[in-house]
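Have a look at the structure below before the remarks.
The values are calculated or read from the model by the stated rules, or taken from the named source; none is laboratory data. As the structure is a computational prediction, the values presented were derived from the model and not from experiment. Don't worry about glycine lacking a Cβ; one is built from the backbone with ideal geometry, like all the others, and counts go over all protein chains shown.
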Amino acid sequence: MTGSILFSPLALRGVTFRNRIMASPMWQYSGRNFFPTDWHFMHLGRMAAGGVALVMQEGTAVERRGCGSVADLGIWDDRFVAPLRRITDFIRSLGAVPGIQLLHCGRRAKMELPWGGRKALRIAPENVEDFDQWDVVGPSAVAQSEEYHTPRALSLAEIGAVVEAWGSAAERSLRAGYDVVEIHAAHGYLIHEFLSPAANRRNDRYGGSRENRCRLLIEIVEAVRARWPADKPLLVRLSIEDEAGWTIDDSVALVRALHQAGVDAIDCTARGIAGSPLLAKNAGDYGYQVDLAERVRAETGVPTIAVGLIVHADQAQAILRNGQADMVAIGRELLYNPNWPLDAAQKLGADPGFALAPLQHGFYLERRARSFVGKPSTYQVGIDPKP
Ligand SMILES: Cc1cc2nc3c(=O)[nH]c(=O)nc-3n(C[C@H](O)[C@H](O)[C@H](O)COP(=O)(O)O)c2cc1C
């Protein structure tokens, strides 16, 4: 791989990524009883085969009640370890680094699937164990909107148990073969709910001042770091700004504290506390959140990951070259083309030998490329189409 910052390696702690491309975590709503299925194997595996450096698995619940839907993935029990290991072994065999995003949906739990209407789930679907005990919890009894459940406020003792659940999930992630953990603290889920005064009305040590509202996240980072090896990176996904008054300045202060607590990079997204991050006002513009990653990186010196409509090879390359981020996360574009990194490497002239492709494919693609030399790049039909 030559001459391209997008395809230059990046090291965080003891893990080296072969390039700067992360597969953004994307729920597939394809879990069965919260276990992964062949769909996940295919979805994550094909992005690894397509040249992604860091394959971040979708938000995976640290507690049963933290699941967003009945088709989420979980990691609150040792029984999840072996089936997840099958996926991480495969990703690694393809030269990519397997990462897991850990999540608790808080007051956004227990919802219908997106294609089922995404309203609060009130009727037990078939084959879902313990539906009646599925408790929706949050910092305070404030619903995100009428479409969501109204949560029950967690007690102080319960908050301690939630923090412990994140620590255990990190330890299981290690046994399941992941090399990177990302804590999902964005998009209006439990941790973001504690950060935001719009959802957090507590008057104990987890509510009120910004320091108090950040306490849950800091405690979770400490619990995860205590169980996650010192040579493996820990990331946090943050809504750098949101619809309810959380600002970049708040994030900059928080990121400094997170870095002190052992976080290696910040995955910079936005919003979600009062609406959908994908329906953000300017979500139609290329790179609509890159400025957030840029500012956090400039003001804290902490490595950042930019995400949000990054779809072109030269766009991704420019983000890195301009020092706006250290990595780019690609989401929906990888749903469209899981070979996006291979394609980007060709467009940037970074991989003439197709070394990024698995040998089973690269061997033939390299030979085919040689046969293109000197031919026009568009196909010209030599036959008169008229009868
Ligand atoms: C189907 C789907 C599922 C998603 N699931 C998650 C998730 O599990 N965790 C998360 O932090 N973001 C999730 N997101 C947001 C993406 O990671 C990403 O931030 C967003 O799609 C913007 O990037 P893009 O324009 O490259 O798609 C999801 C997005 C989509 C489209």
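Could you tell me which residue of region 1-27 is surrounded by the fewest Cβ atoms within 10 Å (Cβ to Cβ), considering only residues that are closer than 28 Å to Leu365 by Cβ and within 16 Å of the ligand (Cβ to nearest atom)? Of everything passing the filter in region 1-27, Met26 is surrounded by the fewest Cβ atoms within 10 Å (Cβ to Cβ). Just give me the residues in region 261-274 being on the phi < 0 side of the Ramachandran plot and away from the ligand (no atom under 11 Å from the Cβ), in sequence order. Correct list: Ala261, Val263, Asp264, Ala265, Ile266, Ile273, Ala274.
When restricted to residues that are surrounded by fewer than 24 Cβ atoms within 10 Å (Cβ to Cβ), aliphatic (A, V, I, L, M) and not in a helix (DSSP H, G or I), region 71-101 contains 2. Applying a threshold of 8 Å to beta carbon distances and a minimum spacing of six or more residues, or different chains, the list of pairs starting in region 359-377 at a residue that is under 17 Å from Pro341 (Cα atoms) and ending at one that is of a type in the set (A, V, I, L, M) and at pLDDT below 95 is empty.
From Leu217, Leu254, which residue is touching a strand residue (DSSP E or B) at 6+ places or on another chain (Cβ under 8 Å), away from the ligand (no atom under 16 Å from the Cβ) and either part of a helix (DSSP H, G or I) or polar (S, T, N, Q) (or both)? Lay out the reasoning, then the answer.
Details: Leu217 fails: away from the ligand (no atom under 16 Å from the Cβ).
Among Leu217, Leu254, only Leu254 is touching a strand residue (DSSP E or B) at 6+ places or on another chain (Cβ under 8 Å), away from the ligand (no atom under 16 Å from the Cβ) and either part of a helix (DSSP H, G or I) or polar (S, T, N, Q) (or both).
Among the residues of region 139-175 satisfying the criterion of being of a type in the set (A, V, I, L, M) and either in a loop (DSSP other than H, G, I, E, B) or in contact with a helix residue (DSSP H, G or I) (Cβ under 6 Å, 6 or more places away or on another chain) (or both), which is surrounded by the fewest Cβ atoms within 10 Å (Cβ to Cβ)?
The first filter runs over region 139-175 and keeps only residues of a type in the set (A, V, I, L, M), leaving 141-143, 153-154, 156-157, 159, 161-163, 165, 169-170, 174.
Going one step further and asking which of them are either in a loop (DSSP other than H, G, I, E, B) or in contact with a helix residue (DSSP H, G or I) (Cβ under 6 Å, 6 or more places away or on another chain) (or both), we end up with 141-143, 154, 163, 170.
Values: Ala141: 12, Val142: 17, Ala143: 16, Leu154: 22, Val163: 20, Ala170: 26.
Restricting to residues being of a type in the set (A, V, I, L, M) and either in a loop (DSSP other than H, G, I, E, B) or in contact with a helix residue (DSSP H, G or I) (Cβ under 6 Å, 6 or more places away or on another chain) (or both), the top hit is Ala141.
Which residues, taken from region 102-120, are of a type outside the set (A, V, I, L, M), farther than 23 Å from Arg227 by Cα, touching a residue at least 40 places away in the same chain (Cβ under 8 Å) and not in a helix (DSSP H, G or I)? Correct list: Lys110, Glu112. Scanning region 319-344 for residues that are within 16 Å of the ligand (Cβ to nearest atom) and either assigned to a helix (DSSP H, G or I) or of a type in the set (Phe, Trp, Tyr) (or both) yields Ile319, Leu320, Arg332, Glu333, Leu334, Leu335, Tyr336, Trp340, Pro341, Asp343, Ala344. Among the numbered conditions (1) more than 28 Å from Val162 (Cα to Cα); (2) in contact with a Ser or Thr (Cβ under 8 Å, 6 or more places away or on another chain), the only one that Met42 does not meet is (2). Just wondering, is there one or more residues in region 312-322 that are in contact (Cβ under 8 Å) with a residue 60 or more places away in the chain and polar (S, T, N, Q)? Within region 312-322, one or more residues are in contact (Cβ under 8 Å) with a residue 60 or more places away in the chain and polar (S, T, N, Q).
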